[in-house]
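Trainee: Here it is: the structure, laid out below.
The values are calculated or read from the model by the stated rules, or taken from the named source; none is laboratory data. The structure displayed is predicted, hence computed values, not measured ones. Neighbour counts run over all protein chains shown; Cβ positions are idealised from the backbone, glycine included.
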Amino acid sequence: MKQLYILTAAFFLLNISSTFAQIGNRGPINLSDPDEFSYLQPKDYIIGGITVKGAQYLDTDVLITISKLVVGQYIEVPGEATASVIKDLMAQNLFEDVQLWATRIDGETIFFEIRVQERPRLTRIDIKGLSKSQTEEVNKRLNSSSGRIVNENLIQSTRSTIQRFLREKSYLYPDIKISTLKDSAQANNEILNVNVEKNKKIKVNKVLFTGNETFTNSELTKYLKGVKPRKWFRIFGPGKFKDDKYKEAKEKLVAKLQDKGYRDAQILSDSVYRFGEKEVRINMDVYEGPKYYVGNIDWTGNTRYKDSILNILLGVQKGDVYSEEKLNAKLTGPTRNSDDISALYQNDGYLTFNINPVIKKIYNDTIDLEIQISEGKQYTINNVIVKGNDVTNDRVVLRSIYTKPGQKYSRELIMRSIREISQLGMFDEQKITPDIPSSTMNHEEGTTDVVFNVVEKPSDQVELSGGYGAGQIIGTLGLTFNNFSTSNFFKKDAWKPLPRGDGQKLSIRGQTSGKRYQSYSFSFSEPWLGGKKPIYFGLSAYTSNSSYGGFNYYTGEQMVKDSELQRIWMTGVTASLGKRLQWPDNYFQINSSLSFQRYKLQNYGNYFLFSNGTAYNLNFTQEISRNSIDAPIYPTSGSHIRLSVQLTPPYSSWNNINYKTDPEEVRYKWTEYHKWKFDSQWYMKVAGKLVVKTQAQFGFLGNYTNRTETSTFERFKLGGDGMQGFDFLQGSEIIAMRGYANGTIIPESTGNGNQRIAINSGSPIYAKYQIELRHPIMLNDQATVFALAFAEAGNTWNKFSEVNPFKVRRSAGVGARIFLPIFGMLGIDYGHAFDPIPGMRSSEWKQSFTFSIMQNMGGF
């Protein structure tokens, strides 16, 4: 029997050896083929070599590593290790097929060949059904570069990316079909074809609440800010459903309930399901919990201020509804008026101040609080540093800010300094950031540096325009340098192209149509006269002349002699001084100016009180203003209020002129009047980035005695774009009012025969009101763009007895503003005027579109 076993084993081994010996004769054998290798008869071998066949794009060494086959390693063939080679490589999702072959066996040494067939590569993704801009955005998100593996992962990620993009646009239920197409131009490449049917944008039909007992469904729906169900009274319909808005709305709902004392409020579950073709319904299960009230409030750690003072500032008393939002706002702010407790300490030098409210005890519906304070040290400012001002001199910035070396640290003064830097107009308002470098803080001595990081923006402006009207071409060239430097004027290296860096303003402007009309002006201002005190100095001068009548309308050719033309010459010069005040607060400023104008008229008909001769206007203006707006280009908070009075000497009080019978050149040689103006603007954020601006303006021009008539000059012209054009250089003040043509809002008491006179000379009294909603589109150093909607009302009167500030002409409309540093503020408005001007055709007084350059409509 023993001999039989030995013979049987020998026969089996000879049979296996014969099988592997045949590899050399028959060629490679597929190890996964059961007809070639049987798992019932495995054998151990040493791996002698490994090769990869069929890989076009993939690294063969990496594939060998993934296979876990190592040269010199013992391996059972066939066995678990050979089977894992195929399983591990297929798991990479890179191949259509993987096979393991034995190419040669030398004794106990085996040589493997891994044969792979790679999946197709992506040539491109073709998307149909989206707009061009939407396709570009989707492609950016897909990162659809060629060469990627076309597999199920790619198809699913493409589908998911498009679905997420469309959900953001309120297309919640799109139909997306994806197919592959062989690329005939490239072997083993495919094109992914995506057909998108966006279907309807989805709105909210209704929000259904469960679990609420205290709050009604309508109250909870109102608290769900950002999700507006369809209602018949919503003129513009409900907003589209968006995932991000919905997520924010749920957080706002919970926060609102907690603010009302329901500290444990939460949303237990919610679901959004389709309702019809273009709506969804929302089911929301809420838990309100009990309503909590404030119990005892204990303070710990405070040594600088007593409990009684902190309690007054906190404004929360025992028995009040418990609101974490209100509590945190009063503790850490920042509050609108900086009356939070953190501001109290940080404005007193406590830079490292920290405050933490802790719930000490909850019993029934009452919460006892312990407010823990860590005051830290009072810090003094060591150095104030400005970084990022490549053009503007340090001293121009440092002299404007309120944070000074040697002062105690103050959060309020840092915020005020940010405002003052932005008011300079030389830096991007959105990028002015204060910093307290930890490396400069000396905790032992209580000192620190304050760094203001700024980004310069182009501030110089150019006005270059041309137009055709009244038979003539009018060209305008204006240059404004907002960061001029006279101190570097004689330094050759500073001319790049002009000396800059001192914060001075130089403006030059010219406008002409040739001989018929010419106007030139110059102005210079220095905000810090002498460089040490905030004393404003300004100097300006202008000259202009206009000719009317006696010209061929089509050719512009002069048809009469110069002496027969209707002409006006104007020349003027103004010097101003201003000073920033510290009382009632440091937002106030007082300005004084002395002006001299010369008017020369020739054949000017009945447009003025006289038609020939020369008049002089010597006047003194005193102005007081308060400006607390946070930014000059796009204000979001604060106000700007101005009151001014302009006076000429009361010549009629001492001269012996008879203002009824003496010649015109005697009566009107010296202009006499007193002029009062009030202007106020208020800015406030109402929701998100939406800003409301309100404005009220009043003006009155009077005479000292009954001996003289109201001055022809310095009157008010209401209506139009507010820009000083060549038609309005008769010494009047232009007040913009959109929807109406320039200067057409005239007093009702003006007779029909005097309408043209009133339009040309203006009115002595006016009032104007404005409300404007603004929303930004772009806010950066390259451009500021915002859209607006406005409503305006205003009127003019000839005398005080006629004044009725509530009987006004009205208009409303929409517009946009673009601020480009090189051109200034550009604007376009569409306004509709509601009230006709008696005695005038609508084509004369209506002006739907209004354009403005380098000014804010209705501004100062």
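Trainee: Report yes if residue 741 is surrounded by 15 or more Cβ atoms within 10 Å (Cβ to Cβ), touching a helix residue (DSSP H, G or I) at 6+ places or on another chain (Cβ under 6 Å) and small (Gly, Ala, Ser), otherwise no.
Mentor: So residue 741 fits the description; yes.
Trainee: Six or more apart or on different chains, Cβ under 9 Å: which pairs go from a residue in the stretch 205-225 that's over 14 Å from residue 270 (Cβ atoms) to one that's of a type in the set (Ser, Thr, Tyr)? Could you list them?
Mentor: Filtered contacts from the stretch 205-225: 214/262; 215/223; 215/262.
Trainee: In addition: Looking at the stretch 306-319, I want the residues that are in a helix (DSSP H, G or I) and have a partner that is surrounded by 13 or more Cβ atoms within 10 Å (Cβ to Cβ) with Cβ atoms under 6 Å, at least 6 apart or on another chain. Which pairs are those?
Mentor: Partner pairs satisfying both residue conditions: 307/299; 310/299; 313/341; 314/330.
Trainee: Take the residues of the stretch 779-806 that are under 37 Å from the mean Cα position of the chain (by Cα) and among the charged types (D, E, K, R): which is modelled with the highest pLDDT?
Mentor: Within the stretch 779-806, the match that is modelled with the highest pLDDT is 792.
Trainee: Just to be sure before I move on: is residue 813 under 30 Å from residue 704 (Cα atoms), of a type in the set (Gly, Ala, Ser) and assigned to a strand (DSSP E or B) in the structure I sent?
Mentor: no
Trainee: Hey, could you check the stretch 642-668 for residues that are assigned to a loop (DSSP other than H, G, I, E, B) and touching a Ser or Thr at 6+ places or on another chain (Cβ under 7 Å) and say which is modelled with the highest pLDDT?
Mentor: My answer is 648.
Trainee: Evaluate the stretch 437-444: report whether one residue or more is assigned to a strand (DSSP E or B) and in contact with a helix residue (DSSP H, G or I) (Cβ under 9 Å, 6 or more places away or on another chain).
Mentor: Of the stretch 437-444, the ones assigned to a strand (DSSP E or B) are 442.
The next check asks that each one be in contact with a helix residue (DSSP H, G or I) (Cβ under 9 Å, 6 or more places away or on another chain); those that pass are none.
For the stretch 437-444, residues assigned to a strand (DSSP E or B) and in contact with a helix residue (DSSP H, G or I) (Cβ under 9 Å, 6 or more places away or on another chain): absent.
Quick grid of which residues meet (1) closer than 30 Å to residue 401 by Cα; (2) not small (Gly, Ala, Ser):
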| position | (1), (2) |
| --- | --- |
| 527 | yes, yes |
| 535 | yes, yes |
| 540 | yes, no |
| 545 | no, yes |
| 558 | no, yes |
| 564 | no, yes |
| 577 | yes, yes |
| 587 | yes, yes |
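Trainee: Turning to a different aspect of this structure: I'd like the full set of residues that are under 18 Å from residue 441 (Cα atoms) and out of contact with any Lys or Arg (no Cβ under 8 Å at 6 or more places or on another chain), limited to the stretch 322-350.
Mentor: None; the set is empty.
Trainee: Sticking with this structure for a sec: Could you tell me how many of the residues in the stretch 172-192 are surrounded by fewer than 16 Cβ atoms within 10 Å (Cβ to Cβ) and assigned to a loop (DSSP other than H, G, I, E, B)? Spell out the reasoning first.
Mentor: First, the residues of the stretch 172-192 that are surrounded by fewer than 16 Cβ atoms within 10 Å (Cβ to Cβ): 175, 177, 179-182, 184-188.
In the following step, the residues that additionally are assigned to a loop (DSSP other than H, G, I, E, B) were identified as 184-188.
Residues meeting the conditions: 5.
Trainee: Can you find even one residue in the stretch 342-365 that is closer than 27 Å to residue 638 by Cα, hydrophobic (A, V, I, L, M, F, W, C), part of a strand (DSSP E or B) and in contact with a Ser or Thr (Cβ under 8 Å, 6 or more places away or on another chain)?
Mentor: No, the stretch 342-365 contains no residue that is closer than 27 Å to residue 638 by Cα, hydrophobic (A, V, I, L, M, F, W, C), part of a strand (DSSP E or B) and in contact with a Ser or Thr (Cβ under 8 Å, 6 or more places away or on another chain).
Trainee: In this structure, does residue 202 turn out to be of a type in the set (A, V, I, L, M, F, W, C), under 36 Å from the mean Cα position of the chain (by Cα) and either surrounded by 13 or more Cβ atoms within 10 Å (Cβ to Cβ) or assigned by TED's automatic domain parsing to the domain that holds residue 220 (or both)? Reasoning before the result, please.
Mentor: On the way: of a type in the set (A, V, I, L, M, F, W, C): yes; under 36 Å from the mean Cα position of the chain (by Cα): yes; either surrounded by 13 or more Cβ atoms within 10 Å (Cβ to Cβ) or assigned by TED's automatic domain parsing to the domain that holds residue 220 (or both): yes.
Yes; evaluated as a whole, the condition is true for this residue.
Quick grid of which residues meet (1) touching a strand residue (DSSP E or B) at 6+ places or on another chain (Cβ under 9 Å); (2) of a type outside the set (Val, Ile, Thr):
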position	(1), (2)
374	yes, yes
398	yes, yes
407	yes, yes
411	no, yes
421	yes, no
427	yes, yes
433	yes, no
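Trainee: Okay, moving on. Please go through the stretch 75-114 and pick out each residue that is in contact with a Ser or Thr (Cβ under 9 Å, 6 or more places away or on another chain), surrounded by fewer than 21 Cβ atoms within 10 Å (Cβ to Cβ), farther than 11 Å from residue 29 by Cβ and hydroxyl-bearing (Ser, Thr, Tyr).
Mentor: If the condition is that a residue be in contact with a Ser or Thr (Cβ under 9 Å, 6 or more places away or on another chain), surrounded by fewer than 21 Cβ atoms within 10 Å (Cβ to Cβ), farther than 11 Å from residue 29 by Cβ and hydroxyl-bearing (Ser, Thr, Tyr), then 84 is the only one that fits.
Trainee: Assess whether residue 708 counts as being more than 50 Å from the chain's Cα centre (by Cα), at pLDDT below 95, over 30 Å from residue 786 (Cβ atoms) and not charged (D, E, K, R).
Mentor: It is true that residue 708 is more than 50 Å from the chain's Cα centre (by Cα), at pLDDT below 95, over 30 Å from residue 786 (Cβ atoms) and not charged (D, E, K, R).
Trainee: Here's something else I'd like to know. So which residues in the stretch 773-784 are surrounded by 17 or more Cβ atoms within 10 Å (Cβ to Cβ) and of a type outside the set (D, E, K, R), if there are any at all?
Mentor: 779, 784
Trainee: Could I ask something else about it? Any residue in the stretch 684-696 that is on the phi < 0 side of the Ramachandran plot sitting within a Cβ distance under 7 Å of a residue that is not in a strand (DSSP E or B)? List the pairs, counting only those 6 or more apart or interchain.
Mentor: These pairs meet every condition: 684/637; 685/636; 685/637; 691/636; 695/858.
Trainee: In a helix (DSSP H, G or I) and hydrophobic (A, V, I, L, M, F, W, C), is that true of residue 369?
Mentor: no
Trainee: Using the structure shown, decide if residue 624 is farther than 19 Å from residue 768 by Cβ, outside any strand (DSSP E or B) and assigned by TED's automatic domain parsing to the domain that holds residue 772. Spell out the reasoning first.
Mentor: Details: farther than 19 Å from residue 768 by Cβ: yes; outside any strand (DSSP E or B): no; assigned by TED's automatic domain parsing to the domain that holds residue 772: yes.
In short, no.
Trainee: Answer with yes or no whether residue 474 is at pLDDT 90 or above and either exposed (fewer than 13 other Cβ atoms within 10 Å of the Cβ) or among the hydrophobic types (A, V, I, L, M, F, W, C) (or both).
Mentor: Here the answer is no, as residue 474 does not meet what is asked.
Trainee: Further question on the same structure: With (1) at pLDDT 90 or above; (2) surrounded by fewer than 18 Cβ atoms within 10 Å (Cβ to Cβ); (3) of a type in the set (Phe, Trp, Tyr) as the list, and residue 553 as the residue in question, which single condition is left unmet?
Mentor: Single failed check for residue 553: (1).
Trainee: Do we find that residue 277 is within 23 Å of residue 170 (Cβ to Cβ) and over 35 Å from the mean Cα position of the chain (by Cα) in this structure?
Mentor: Considered against the rule, which asks whether it is within 23 Å of residue 170 (Cβ to Cβ) and over 35 Å from the mean Cα position of the chain (by Cα), residue 277 comes out as yes.
Trainee: Checking the condition outside any strand (DSSP E or B) and buried (at least 18 other Cβ atoms within 10 Å of the Cβ), which residue from 837, 822 passes?
Mentor: Values: 822 fails: buried (at least 18 other Cβ atoms within 10 Å of the Cβ).
None of the other options fit; the residue is 837.
Trainee: Shifting gears a bit: Could you check the stretch 622-664 and list, in sequence order, the residues that are within 23 Å of residue 599 (Cα to Cα) and among the hydroxyl-bearing types (Ser, Thr, Tyr)?
Mentor: 648, 651, 652, 653, 659, 661
Trainee: Residue 364 passes all but one of (1) farther than 21 Å from residue 313 by Cα; (2) free of Cβ contacts under 8 Å to residues at least 60 places away in the same chain; (3) within 27 Å of the chain's Cα centre (by Cα); which number fails?
Mentor: Checking residue 364 against (1) farther than 21 Å from residue 313 by Cα; (2) free of Cβ contacts under 8 Å to residues at least 60 places away in the same chain; (3) within 27 Å of the chain's Cα centre (by Cα), the one that fails is (3).
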